[in-house]
1. Would you mind putting 466-476, 273-283 in packing order, based on average other-beta-carbon counts within 10 Å, highest first?
2. Excluding GLY734 itself, calculate the net charge of residues whose Cβ lies under 9 Å from the Cβ of GLY734, where each Lys or Arg counts +1 and each Asp or Glu counts -1.
3. So, by mean Cβ neighbours within 10 angstrom, what's the order for 559-567, 605-613 with the highest one leading?
4. With a point put 7 Å past each Cα toward its Cβ, work out how far TYR490 is from GLU697 in nm, to one decimal.
5. Could you check the simple spin-label distance between ASP735 and THR542, using points 7 Å along Cα→Cβ, in nm with one decimal?
6. Can you tell me the length gained on complete extension of the stretch VAL343 to SER312, counting 0.36 nm per residue apart and subtracting the Cα distance?
7. Gap in Å between the Cα centre of segment 290-304 and the Cα centre of segment 497-548?
8. What's the long-distance tail for segment 394-544, i.e. % of Cα pairs beyond 21 Å?
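Where a number appears in this text, it was derived from the coordinates with a stated rule and is not lab data. None of these values were measured; they are calculated from a predicted model. Cβ placement follows ideal geometry from the backbone for every residue including glycine, while neighbour counts extend to all protein chains displayed.
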Amino acid sequence: MERLWGLLQRAQQLSPRSSQTVYQRVEGPQKGHLEEEEEDGEETLAHFCPMELKGPEPLGSRPRQPNLIPWAAAGRRAAPYLVLTALLIFTGAFLLGYVAFRGSCQTCGDSVLVVSEDVNYEPDLDFHRGTLYWSDLQAMFLQFLGEGRLEDTIRQTSLRERVAGSAGMAALTQDIRAALSRQKLDHVWTDTHYVGLQFPDPAHPNTLHWVDEAGKIGEQLPLEDPDVYCPYSAIGNVTGELVYAHYGRPEDLQDLRARGVDPAGRLLLVRVGVISFAQKVTNAQDFGAQGVLIYPEPADFSQDPHKPSLSSQQAVYGHVHLGTGDPYTPGFPSFNQTQFPPVASSGLPSIPAQPISADIASRLLRKLKGPVAPQEWQGSLLGSPYHLGPGPGLRLAVNNHRTSTPINNIFGCIEGHSEPDHYVVIGAQRDAWGPGAAKSAVGTAILLELVRTFSSMVSNGFRPRRSLLFISWDGGDFGSVGSTEWLEGYLSVLHLKAVVYVSLDNAVLGNDKFRAKTSPLLTSLIESVLKQVDSPNHSGQTLYEQVVFTNPSWDAEVIRPLPMDSSAYSFTAFVGVPAVEFSFVEDDQAYPFLHTKEDTYENLHKVLQGRLPAVAQAVAQLAGQLLIRLSHDRLLPLDFGRYGDVVLRHIGNLNEFSGDLKARGLTLQWVYSARGDYIRAAEKLRQEIYSSEERDERLTRMYNVRIMRVEFYFLSQYVSPADSPFRHIFMGRGDHTLGALLDHLRLLRSNSSGTPGATSSAVFQESRFRRQLALLTWTLQGAANALSGDVWNIDNNF
């Protein structure tokens, strides 16, 4: 531009110095009119600006210059074109630079610019200097996290009594609330629920006796620890012959029946593991069993002589309610001792259950006769041939009693600056039946450490876009009672405000493998974060590199569905909030001390061979970086397109039955069409986001609301939360789910003798199938419609 200006000046100097008529805008009363004035040619350059329009004076007004230079006249004619060309070049360069900058910042927040990682970052960086970059936030988080004392907190927490409702738990509640109050949090509070919990009766302990052929009660089998029991077991006495049923899965019981051993009317002996206690008891009940005894099989745990093993005299604790929350107020919150009709959860069993030790199980197995158990059912109890039975009669007496018990959840909050009404939630169970080092002490320690770390970050300039909500749950050992009651109390609010839930329960059960039980919406984000966290076991590798080294398909190695016994399950299946629970586990071996009195800090430390601090730190880094992304990214990093893949995978299972349905005049075309609509809606939203103005706050919030509610869209709106609380069509329970539809379709190829109970429900029913198909199809179609946005943007082609 300077060169261009110089050329124009030079051209004026060489051009004829004629007077010009100059039109200037007149200010004052005559504003808006142009005034003509005579001006000497020497003044021309002083008035050269875009606001002025200049033209030549009439001929003859001044003497003509005799020595006119031809190229000067040409320069005068070309001047406007040069100016326009320069403006076009400048505008093009500006737009190119803007687009390049915008493309480099797709997920940054108001005060955080995403740039390439600063590999030369120094830990003593001055965080108060102003703008915080993404690399600054990572470095700040890691610096403050490294200052914690995770190991000491795990040890101290595991030494404290903290059974729900106990005096020890009340003291711990006060201490944790006080610890949160000392941090830089915007809000700290507790809520109290009065819930029905079941405990053993010291005056009438549970018992197990032999029964002879005449039905006479014989010798009592000693239950070594009267404190070990199954909360929510049915109360009463039952008698029956003993049958060995492996893990108590439906396929195990079907196999048992196929081998000529009917579970109906008998007591089942099943192993700990694979499925929950509640599922084992429910399956036994469905097959007509009288009761269930559950024991820990030594073969299911590590045989490494250098690692500690569970005592053969230890039984394993576990509740048997097939559900979550207070089973005596299903679907309603237990606030303020609110009185509800006398109704109980349909997930409560009608048969008794009792844990026993491996020693007692060995004595029982030696008495069994009948067919030899399959090879994969065999165990390692010495001197115990594993037969299926039946064996001698047993009498089981369960005398647990229910007590109304106050439990307390503790909350701490850092308010977001742009979307404070959207919550990123992270929680950990606080209570434990025994020492609970792995069960809840690790999660509690990590939660407290994250609260301290984020509080320090806030003091050093960090402010999340969305609110961070830290929660310590009570009543977790009774089936996520504290978390579920809170969800029930705020059901109408949380699906609109909660973005994601991160669970810290069962975070460290080993150090060989990493698992993430999660909603599909979080899979891509987990992959991204795994690439940012160092492996605690392999120096110089990230967790992602550790995973793909053994299995190139990282998600097949890491991702697992959410189980019902996780506190994260209710968030997703009940409320429709995506959730994740992280765990480090042993290689194909269960942690042997979970839910026992041997779940101590010392045993956990020995199982991990001194790696406990490093593994706990890795979990804290994973959770913390996940929280930063979820709370601070401008656009929520949830992969809403993933559910298209989930539906496609399940449709592959449905296709197997298309021929059987066609023979009956039925079709699955509606499901296929709804799945196509969802995929198109997801792609359309992706394109809208890509082409939108990133700094438009109204658009950003609109997109975030649509993204964060995708999980909620998969809750069936056609069933009652009170009757079917887990309404999620992929992860829930009930006739409205895809799993129930598949189970029903399988009846097309089976006869009733292979199904539990051999009742009418075990026969394919066309009317039931049509209802299931309608529930599934319209929930999926509703998700596609909601993702499409406004009603005028929806294009259904049914």
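1. Order by mean packing, descending: 466-476, 273-283.
2. Every neighbour counted, the sum reads 0.
3. 559-567, 605-613
4. 2.4 nm
5. 4.8 nm
6. Taking VAL343 through SER312 to full extension adds about 7.2 nm, to one decimal.
7. 29 Å
8. In whole percent, the long-distance tail amounts to 57.
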